[in-house]
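Some notes on the structure that comes next.
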Amino acid sequence: MSQWTNSVTIQRWTPSSRYAIVFAGLVLVLLALAPLFASNGLLDRLTALFIYVILAAMWNALAGYGGLISVGQQAFFGLGAYFTIRIADLGLDPFISVALAALIVGVISYPISLVMLRLKGGEFAIGMWVVASILHLMVNLDGLIQGETGISLVSLNHYDSAQRLTIIYLLTLGSMAGLLALLFFVLRSKTGSAIQAIRDNEEAATSVGVKPEKTKQLLFVIAAFGIGVAGALWLTSATTFLPKTYFSVQWSAYMIFMVLVGGIGKFEGAILGAIIFFLVETWFSSTGVWYLVSLGAIAIAFSLFLPKGIWGELERRFNWHFLPVGYQVVEKNKINTDKK
Amino acid sequence: MTHAVSNGLLASDLVKNFGSVSVLKNINFSMNADEAVGIVGPNGAGKTTLLSALAGAFQLDQGSILLNNQDVTEKCASARCNLGVVRTHQIPKPFDGMTVFENVLVAASYGVDADKQTAYQHTLNAIQLSGMEHVANRQAESLGLLDRKRLELARALATQPKILLLDEIAGGLTEAESVQLVDTIKELRRQGIGIIWIEHIVHVLLQVAERLICMDSGEIIADGEPQAVLSNPQVVKAYLGGGIE
Amino acid sequence: MTNQIIQAILLGGYYALLACGLSFMFSVMKIINLAHGSLLVLAGYLLWFLAEHYHLSPFVGLLIVTPLMMLIGWALQAFLLEKSARGGELLPILTTFGLAIVIENLLFEHFGANTRSLAPYIGDLSWQSWELFSGVYVGKTSVYILVTAIIILGSLQLFMKKTPLGRQIRATAHDPDTAGIVGINPKKASAIAAALAMGTVAISGLALGVRGVFDAYSGGPQLLFAFEATIIGGVGSLWGTLIGGIILALAQTIGANIHPQGFLLGGHILFIIILLIRLVLAKGGVSHRMKAAFGGAK
Amino acid sequence: AATSDKKLRVGFISPRTGHLGAFGETDPFVLSQVRQALADGLQINNETYQIEILDRDSQSDPSRAGQLAKDLINNENIDFMLSTVAPETINPVSDACEAAGIPCLSAVLPWEAWYFGRGAKPGQPSPFKWTYHFSFGVDEFYQTYISQWGLIETNKKVGVMYPNDADGNAIRRFLKPKLEAAGYTIIDPGAYETGTSDFSSQIALFKREGIEIFNAFPIPSDFSALWRQAAQQGLTRQIKIAQIAKTGLFPSDIEALGGLGNKLASACYWHKDMPYRSPLTGQTGKQLCDLYEAQTNKQWTQQIGACLSLFDAAMETLITSADPKNKVNLAMAMRKLNVSTIAGQVDFTSGPVPNVAITPIIGTQWVKSKSGPFKFDYLITEHATDPNVPIAHKLTPYNA
Amino acid sequence: MSCLQVNNLDVRHGQLAAVRGVSMTLNKGDVVALIGANGAGKTTFLRAISGAHSPAAGTIQLNGNEITKLSSHKRVAAGLALVPEGRKLFSNMTTEENLLLGATSARSGEWNIEKIFQVFPNLSKRRHTKTGTMSGGEQQATAIGRALMSNPDILILDEVSLGLSPLVVDQVYQNLERLLATDTTIILVEQDLSRAMKVANRAICMLEGEIVLDKPMSLVTRDEITDAYFGLHKIRTHNGDAA
Ligand SMILES: Nc1ncnc2c1ncn2[C@@H]1O[C@H](COP(=O)(O)OP(=O)(O)OP(=O)(O)O)[C@@H](O)[C@H]1O
Ligand SMILES: Nc1ncnc2c1ncn2[C@@H]1O[C@H](COP(=O)(O)OP(=O)(O)OP(=O)(O)O)[C@@H](O)[C@H]1O
Ligand SMILES: [Mg+2]
Ligand SMILES: [Mg+2]
């Protein structure tokens, strides 16, 4: 009776994924050394790329794994930047302000999650947009911000320009690596399975012991925190805080584009999507309006014709699983080989 | 047949309305933790609703539920699952985006307090018990109806239930398939798991149930030894018609 | 105070008119159309274009733009919505969001950055008013807009309930495959539904252009207003949308009275509160009684 | 020096598209004039430098403006940055230059919103080393308004609509007390959020108070909604002077208002009838605008001259710096800049703070054109901040 | 004359060939019991016939007319009606509305709403009830009624009795027998062999996407069908079958 259960084992890492992790580690080291040889322009662009990766990974965690599609995540992007300004205005070092601001965003997102997670589907999606509008308007009530005109993080001027660029670069790189690791850890844990189960069928998940509220709240808060970090870092790199820009729904458009193109619900997909978006932006954003039109059109095309994105397609064709969060049941004598 | 049970389920005075329709009307029900109870009744009688009430899928309008003398009325489905009461769904609700193994693993990890290796073991056992070894790595989305129903069962089993609530898991099975299913359920009975089983295919149900309940219009109209219930004229009139016996 | 309440009701009519197409798509076709705002602006631009270049009064322009928008609705259904609706509940959100970005940037590409209004093309009507009683004026256009909202929502409601076509549209929205099996042409039914929705959007576009100004990127706020009106009034009830619009406008007015910056905040916060109340009502023992009470009113 | 040294790269970032696209609409024309004038290079310290202008469109998007600035600085190695129009473009560009140590000159944005808006504190030394700005400020508005409003007999009751943004806040904070001190009664319902679609409560207040002067700093879409509602609810009938700023600068804004646009009072930061000549192109305002109208069939706008004046000042900076490749020299040259441009004198030596030079604001009125070819004429009604500018029209009451 | 002819039909679900090279000819008045294990492909086959699922290869002819490419609503107009597995009623609409919808592409014929209510008298008191809240039996009756409203030549019933209580199953079959009197051609999927054998005059068995048995009911035995059910693995377990 019990032969089968004894003849199989559970595989999580595949050889290719081991190589991938080592490779990712090497890339990180290389990136960390970049300030030694890269030009200021490159460092600055890479900083933007890292922030895109954070945004895509967070939105993907929420939508791809949690099934929570939101067009209001700019709420936390804006808040991250706002609190950085607010705290720095009290006289704290701007980089310490970044960390504090992200924490505050995480904390604030908790009560928001209590309300918003009760909504489903499209109501959640647009409800979050309304939340973003509310937060935007509330931030505007702060006299420091001067309404839509915004204000700059002048305390950054204490650092000289080269030093400042390097600090921001390394801080962003570190944040990205840390946040990706955090996400990967959470998604691979049993919480990750629960998150996906809730996405697919909340009622069934509840009936086998999952606590959907808690699990979703955790995911929501992590995503908000991550996006808060992104917003705060963006501010250090851009210096100027303008409520309308930071709370713009455009950020949601970017996140959606990155995740759809890269591959929704694929950990690697979000990263790939961010890189693609970054390249597209670098090469084509000078075409202005047409660039934005194409972003929208490409997002539509992907969601209709390649719903699993580029990574999903690669995964299907070549059976790549570099950063697997799932499980495979394999026969014990076939272990250590990638499944066909 | 409500009697105080120190070890089992005791539901008193359950009332549930959907809008203006009252679906459960003062249901009183009890079972011992090691009993096998069959539930029959016409369509729309409220069987599934009763099962959902016991499993904690919604809040009752009135009434209370005791499990092993502990009041669980206010407890949600996941808490009740942790206490050992778990259900399957009449219309299967698989986690479409996950493999069969992952589906069952969620149940094994959350239904009962278990470390990782134990959870794996529970998962594999449940998969084997419900005959899904060959599809363990399949995406649940691609399963046919039969395997979906099996998956419902496997998921429920992986939570190591003490009382298992089954909702029409034999519907649409061929004869051979139902034989297999009955064997599985009998195995669970040997392990001492209590069972409540809703089924319209009465002859399958009778192979397992030691006690039969018939519901009609939100009320229990008969409860007791299966043959006696089946020959109850009220049951015949409301449920069986001339179809059986 | 009376004056403000009257103005708020008129404003509510405007929101309801903005929301018609969205509410219709949401309640009947189960699609949340995030491109609604941009389509509204598109209609506004079309009317503006006819007025500016062919000197057609926007009211006459409507005779051209409405069929045009209906055609667009048909095309949307055929090429975008149908396929995305099959991908589950969330896919249309993504595709229509993408569509919104495409439309607004195309509009920008074509019409540039200047804000436009239809008011100049309707002459003095744009600011004429009636004096209701001493000191209380109601703008003529505002009244027309409210009346139009009532007429459109009412006739849509009747159409969906009473006519075979309305029935077919509802059935198709519920399950297009089964609709086909039953003998309904699902493509035709949903194309008609989408065309109807976009037809109302043409009229909403007129209201938008007459009451205020728009530019290519004005769609977002309009979408939020429309969505809020729809949700506050209760999804599935077209009449509710009218009530929703008025409640939204009242909340904004109250917000504005509490704090000069509270106009938009008031509306948004009310929206969140209503969502919460709805959720609380849907749970718990009192729910069905409350629902029965409210439901009867709809 | 090697020939490559004799090339100067100048970045220019303005909103060509987006919400503020109306401002940048004329930039291509101005750029073509500037490039033509610089075709043979610029003489600096007896050497000829080729000037390459790298113009970029901020799309009215501040984050894009900041990115473009960084791109120009890091990848295009520009020597000098220019930027114009509104905080959305200028502030992020200035911030990027300040961060990277690149000289930057900008114009057309009330200087308070540029200086304090970027975090400088009154009474403290200027935190900016690399960025300079010339523009009008609150005080110019004050002088112009006092002068303009004195032209017509009123009850001196002013209803104001100042939004919650840098301009609005600065105006409320600095202008309102001055106007009150000058004997005007200010009815201020408080800051409103842009995007508000109903102004009934404010209109009711103004009617109750019987205001005869109306002053607002709204964005165009807000004003259009506000003013129509004011007309519908009977407010405009009592208004003698409707003085608006920030909106109504361009003919298209006014045309969009239809009949309600006629006789709106405005104030311009440049006018084609200003009696100045561009040192760079040698053109007068009138010549410049006639050329524009002939080339495009569109009515002239005030941004044409303002934009050219930025280039006038920039080229003068390069010339006076002696060594334009030296960034510190350039910054010092800006600090000492005092030059006559097509928009009049730009003088950093007498500014209110070291990084700012003040330019005038001229009272105007939109009047239905009698002779065409365009629908409205934009006529000068007063010249308190720059008496060289000729007055062409007597301000007429709005409700007359 | 044959009223429905299927030639070499292949139907796929993505990679999976659910129906493989199936041919079948139906004559007017046939009452066919379509039998097969779970996943044999019955539903897929019937959905392909009714146009809900387009086949990968093969042809379908109705009354001599090619309908392979026709969309499902046109097949209804041509005289084919399906009562789908799981009933698939429009649950947010009333019984009457569901029935009226069935008449959208109706041909002329004897069926109309009053006649349906005559045949299913228990429905008439549910006329204005939303079908979503009705009992399974009432729903099944409505589904059959809805199909009849189009006055079909061929009526296809997929798993008519799935999930229904014995009493309701009886009712459904009583109603079916009334239909038989009207000379309608019927295809019926039914797991309950005894039932199927009682009403049908022809048995077709499917196994793994293919037809493995096709005979008049009078000529088949129970064992033959059971064999066909499971292919080679013969399992003969007759548990206390319905008496
Ligand atoms: N969520 C709901 N909202 C409204 N009515 C409901 C809901 N759930 C069930 N009902 C109604 O309650 C009644 C009982 O439903 P239930 O599913 O419990 O019946 P059942 O006995 O399981 O029937 P079946 O044998 O057909 O499965 C039915 O009339 C059903 O329509
Ligand atoms: N939507 C689908 N996607 C993928 N595979 C499917 C789908 N529907 C059915 N299948 C597969 O096609 C095969 C035939 O299924 P079908 O439903 O036609 O069988 P059936 O004979 O009607 O079975 P049952 O008696 O369970 O209704 C099965 O293997 C099933 O798993
Ligand atoms: Mg049930
Ligand atoms: Mg089937």
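The values are calculated or read from the model by the stated rules, or taken from the named source; none is laboratory data. Since this is a predicted model, take the numbers as computed values, not measurements. No Cβ is skipped: glycine too gets one built from the backbone with ideal geometry, and neighbour counts run over all protein chains shown.
In the range D:264-280, of all residues being of a type outside the set (A, V, I, L, M, F, W, C) and surrounded by 20 or more Cβ atoms within 10 Å (Cβ to Cβ), the one that is nearest to D:Leu109 (Cα to Cα) corresponds to D:Tyr269. Scanning the range E:92-110 turns up no residue that is part of a loop (DSSP other than H, G, I, E, B), within 16 Å of ligand 3 (Cβ to nearest atom) and within 13 Å of chain C (Cβ to nearest Cβ).
Considering the range B:96-129, the residues that are of a type in the set (Val, Ile, Thr) and crowded, with 24+ Cβ neighbours inside 10 Å include one that is nearest to the other protein chains (Cβ to nearest Cβ), namely B:Val106. Select from the range B:191-222 the residues that are of a type in the set (D, E, K, R) and under 17 Å from the mean Cα position of the chain (by Cα) and write down the one among them that is nearest to ligand 2 (Cβ to nearest atom). Checked the range B:191-222; the qualifying residue nearest to ligand 2 (Cβ to nearest atom) is B:Glu199.
Per this entry, B:Lys16 is counted among residues that are charged (D, E, K, R), surrounded by 15 or more Cβ atoms within 10 Å (Cβ to Cβ) and within 14 Å of chain E (Cβ to nearest Cβ). Can you pull out the residues in the range B:69-101 that are more than 16 Å from ligand 3 (Cβ to nearest atom), under 15 Å from A:Gly209 (Cβ atoms) and among the charged types (D, E, K, R)? Correct list: B:Lys75, B:Arg80. The set of residues in the range C:81-134 being farther than 29 Å from C:Arg211 by Cβ and either within 8 Å of another protein chain (Cβ to nearest Cβ) or not small (Gly, Ala, Ser) (or both) consists of C:Glu82, C:Lys83, C:Ser84, C:Arg86, C:Gly87, C:Glu89, C:Leu90, C:Leu91, C:Leu94, C:Thr95. Whenever a residue of the range B:33-60 is within 14 Å of chain E (Cβ to nearest Cβ), its partners that are part of a helix (DSSP H, G or I) and acidic (Asp, Glu), lying with C-beta atoms within less than 9 angstrom and at least six residues away or across chains, give the pairs B:Asn43/E:Glu138; B:Gly44/E:Glu138.
Counting only residues that are crowded, with 17+ Cβ neighbours inside 10 Å and either within 22 Å of the chain's Cα centre (by Cα) or of a type in the set (S, T, N, Q) (or both), the range A:298-325 holds 19 of them. Scanning the range B:178-201 for residues that are of a type in the set (A, V, I, L, M, F, W, C) and either modelled with pLDDT under 90 or more than 16 Å from ligand 1 (Cβ to nearest atom) (or both), we see that the one that is surrounded by the fewest Cβ atoms within 10 Å (Cβ to Cβ) is B:Val179. Here B:Leu164, B:Leu143, B:Leu151 are screened, and the one residue that is away from ligand 2 (no atom under 16 Å from the Cβ), under 17 Å from B:Val104 (Cβ atoms) and surrounded by 19 or more Cβ atoms within 10 Å (Cβ to Cβ) is B:Leu164. Identify, please: which residue in the range E:36-56 is surrounded by fewer than 22 Cβ atoms within 10 Å (Cβ to Cβ) and more than 25 Å from E:Ala77 (Cβ to Cβ) and is, among those, farthest from ligand 3 (Cβ to nearest atom)? Filtering first and then ranking leaves E:Gly39. Residues that are free of Cβ contacts under 8 Å to residues at least 60 places away in the same chain, part of a helix (DSSP H, G or I) and surrounded by fewer than 24 Cβ atoms within 10 Å (Cβ to Cβ): does the range D:367-378 have at least one? No, the range D:367-378 has no match at all. Taking the stated definitions as given, is B:Lys75 charged (D, E, K, R), away from ligand 1 (no atom under 16 Å from the Cβ) and assigned to a loop (DSSP other than H, G, I, E, B)? Spelling it out, B:Lys75 is indeed charged (D, E, K, R), away from ligand 1 (no atom under 16 Å from the Cβ) and assigned to a loop (DSSP other than H, G, I, E, B). Test of understanding: among D:Gln229, D:Gln243, which residue is within 13 Å of chain C (Cβ to nearest Cβ) and either surrounded by 22 or more Cβ atoms within 10 Å (Cβ to Cβ) or over 28 Å from the mean Cα position of the chain (by Cα) (or both)? It is D:Gln229. Based on this model, can you work out whether E:Lys88 counts as in contact with a helix residue (DSSP H, G or I) (Cβ under 6 Å, 6 or more places away or on another chain) and under 18 Å from E:Leu188 (Cβ atoms)? So E:Lys88 passes the test. Restricting attention to the range D:173-210, the residues that are under 28 Å from the mean Cα position of the chain (by Cα), part of a helix (DSSP H, G or I) and of a type outside the set (Gly, Ala, Ser) total 9. In the range B:28-61, the qualifying residues are those that are away from ligand 3 (no atom under 15 Å from the Cβ) and over 15 Å from the mean Cα position of the chain (by Cα), and the one that is modelled with the highest pLDDT is B:Asn28.
Taken over the range D:1-48, residues that are at pLDDT 90 or above, over 20 Å from D:Asp323 (Cα atoms) and in a loop (DSSP other than H, G, I, E, B) amount to 3.
If the condition is being away from ligand 2 (no atom under 16 Å from the Cβ), in contact (Cβ under 8 Å) with a residue 60 or more places away in the chain and surrounded by fewer than 23 Cβ atoms within 10 Å (Cβ to Cβ), then the range E:80-118 contributes only E:Glu110.
Yes/no matrix, rows are residues, columns are (1) aliphatic (A, V, I, L, M); (2) within 16 Å of ligand 4 (Cβ to nearest atom); (3) more than 27 Å from B:Val204 (Cβ to Cβ); (4) in a loop (DSSP other than H, G, I, E, B):
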position: B:Lys16; (1), (2), (3), (4): no, no, yes, no
position: B:Ser22; (1), (2), (3), (4): no, no, yes, no
position: B:Lys25; (1), (2), (3), (4): no, no, yes, no
position: B:Phe29; (1), (2), (3), (4): no, no, no, no
position: B:Gly44; (1), (2), (3), (4): no, no, no, yes
position: B:Thr48; (1), (2), (3), (4): no, no, no, no
position: B:Ser52; (1), (2), (3), (4): no, no, no, no
position: B:Gln59; (1), (2), (3), (4): no, no, yes, yes
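Residue count for the range D:272-294 satisfying the condition of being touching a Gly at 6+ places or on another chain (Cβ under 7 Å) and either part of a strand (DSSP E or B) or closer than 25 Å to D:Lys394 by Cα (or both): 5. Considering only the range E:197-208, I want to know if a residue exists there that is within 16 Å of ligand 1 (Cβ to nearest atom), within 12 Å of chain B (Cβ to nearest Cβ) and either in a loop (DSSP other than H, G, I, E, B) or closer than 28 Å to E:Ala17 by Cα (or both). No: the range E:197-208 contains no residue that is within 16 Å of ligand 1 (Cβ to nearest atom), within 12 Å of chain B (Cβ to nearest Cβ) and either in a loop (DSSP other than H, G, I, E, B) or closer than 28 Å to E:Ala17 by Cα (or both).
The listed residues are E:Gly132, E:Gly163, E:Gly145, and the only one of them that is small (Gly, Ala, Ser), within 16 Å of ligand 1 (Cβ to nearest atom), surrounded by 17 or more Cβ atoms within 10 Å (Cβ to Cβ) and within 12 Å of another protein chain (Cβ to nearest Cβ) turns out to be E:Gly163. Residues in the range E:52-72 that are within 15 Å of ligand 2 (Cβ to nearest atom) and within 14 Å of another protein chain (Cβ to nearest Cβ): 3 in all. Pairing each residue of the range B:180-206 that is within 11 Å of chain E (Cβ to nearest Cβ) with any residue that is assigned to a helix (DSSP H, G or I) and at pLDDT 90 or above, provided the two are 6+ apart or on different chains, yields C-beta distances under 6 Å for B:Ile198/B:Lys47; B:Glu199/B:Leu205; B:Leu206/B:Pro226. In the condition set (1) touching a residue at least 60 places away in the same chain (Cβ under 8 Å); (2) aliphatic (A, V, I, L, M); (3) in a loop (DSSP other than H, G, I, E, B), B:Ala238 is compliant with all but (3).
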